[in-house]
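The values are calculated or read from the model by the stated rules, or taken from the named source; none is laboratory data. Quick caveat: nothing in here was measured; it's all calculated off a predicted structure. With ideal geometry, Cβ positions are generated from the backbone for all residues, glycine too; neighbour counts draw on all protein chains shown.
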Amino acid sequence: KLTDLHNGKLVFLTQETIGLPDNKTDLKIGMMHSDFEIDHAWGVDGFATLNVGHNEYGSAAGAQPDGKIIVFGATTPANNPEYESSIFIGRFTAEGLIDSTFGFQGWRKPDIQTWFDYRWQDPIGLVVFPDGKFLIGAAIRRKEPSDKSHFFFAKYLSNGSIDQDFGTDGYIYQDIGAQTTVLQEMLLDDQGRLIAVGIADYSLTVMARYLPNGQLDNTFSGDGLFTTNFMLGNTSLVQPDGKILVGGNEYNINNDQTRFMRLTENGNFDNSFSGDGKVTFNFVPNEEQIFDLDLQANGKILFSGFKNSLDQNYLARLYSGLVVATEEPLAATIKPAKVTPSLIYNDRDITIAFPHSGLADPTAILIDLSGKTALIELKDAGDELHISTQIPTQLSPGLYHILFVGNHDEVARASFIKM
């Protein structure tokens, strides 16, 4: 997980494996400058570790106005036959030390462990507000006999105390009546309203919108809740005009198609979008899954996904009118590419190579963070089963992706950082 803190820093979450006798994993947090250099002044040489239980993983991070870092994750016990997990919130000082003034030794768990008696808690999202308050969202499931799952949100004051003016005593516990309701994504619009997107009983997309005080917004779809069987939604974004775009899939055992729907600000299907607010794409046949959406500065929308049966990834772009772009389609098998001598370089040459078998007319495409592309020359690595290219040294500093494409049957991808 990589998060832009919008203060010139980037924070990323990973795990550190601890071997015997502990045989566990701790949550590890790293801090980088915007140029991707590790901030060695933060924490211990740029890193900090949080130990809550036996195995921890992180889902999201954010910065409070005073520079303190909030992390949201989950921990699982050592022996876990029921796959139980419990969510937690941790905080670090601006210098990267565990904040002992926050909860117990720098972390705390929401009260749902006793209040709602849940056994399975999956951290989904975190929002930090300009005043230092923060909001978490999770998918949680009740213990037997009901075994029902729901949306869960909790809002905290900047000091880590629950904000009792939000929802019901600081919490939202949303039961829409389904047996299984799983939160997939949470986001805020420009009015500070919380939008939740999830799936119900593995057959419906469910959405909810809440006012800043945590109450359901009845101006959204009549009662604050929206449900459709058009697709299973798992990613979304709010457009600058307030319309909500949701990406997901139609589950079909023979042909899982990529689908989008767009809602107006009041929670109705947007008929200006493909006539009825719905679009189905099947440009990568069979078992497609969409994972992420991103809005570019020019209004175009990137989305990425996966094709199950052949282990294929795909990347595509929509125009602002939401027609699939034609200049940069990609649907191909991802293979590992090797970057030498290093993934991070300055003005020296680097070479990227990958193995292939009979790849016809291979091409190398260089992509920067703005989505700009350039074809670059391929060079023979001396082996008919390998293709390589040398990266131009005149690139501006930043993160780049290199794609090797040929006949849309095989592709290799690698990323590197130009200092």
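If I filter segment 227-247 down to residues being at pLDDT 90 or above and small (Gly, Ala, Ser), which single residue comes out as nearest to the chain's Cα centre (by Cα)?
Ser236
Only one of (1) more than 14 Å from Gln191 (Cβ to Cβ); (2) at pLDDT below 95; (3) in a loop (DSSP other than H, G, I, E, B) fails for Asn218. Which number is that?
Result: Asn218 passes all but (2).
Looking only at segment 168-180, count every residue that is over 18 Å from Gly267 (Cβ atoms) and in contact with a Gly (Cβ under 9 Å, 6 or more places away or on another chain) and tell me the total.
4
Go through segment 194-224 and give me each residue that's within 18 Å of Phe269 (Cβ to Cβ) and free of Cβ contacts under 8 Å to residues at least 12 places away in the same chain.
Across segment 194-224, the qualifying residue is only Asp223.
Filter segment 251-287 for residues that are at pLDDT 85 or above, assigned to a strand (DSSP E or B) and not aliphatic (A, V, I, L, M) and give the result.
Listed by number, the residues that qualify are Arg259, Phe260, Arg262, Phe269, Lys278.
If you take the residues in segment 288-333 that are of a type in the set (Gly, Ala, Ser) and part of a strand (DSSP E or B), which one is modelled with the highest pLDDT?
Residues of segment 288-333 that are of a type in the set (Gly, Ala, Ser), as a first pass: 297, 299, 304-305, 309, 316, 320-321, 325, 331-332.
Still in the running and part of a strand (DSSP E or B): 304-305, 316, 331-332.
Details: Ser304: 83, Gly305: 80, Ala316: 79, Ala331: 38, Ala332: 38.
The extreme case among them is Ser304.
Of the conditions (1) surrounded by 19 or more Cβ atoms within 10 Å (Cβ to Cβ); (2) free of Cβ contacts under 8 Å to residues at least 60 places away in the same chain, Thr227 satisfies every one except a single condition; which number is it?
Evaluating Thr227 over (1) surrounded by 19 or more Cβ atoms within 10 Å (Cβ to Cβ); (2) free of Cβ contacts under 8 Å to residues at least 60 places away in the same chain leaves (1) as the failure.
Counting just the residues of segment 85-105 that are of a type outside the set (S, T, N, Q), buried (at least 17 other Cβ atoms within 10 Å of the Cβ) and more than 19 Å from Ile162 (Cβ to Cβ), which one comes out farthest from the chain's Cα centre (by Cα)?
Going through the qualifying residues, I end up with Ile98.
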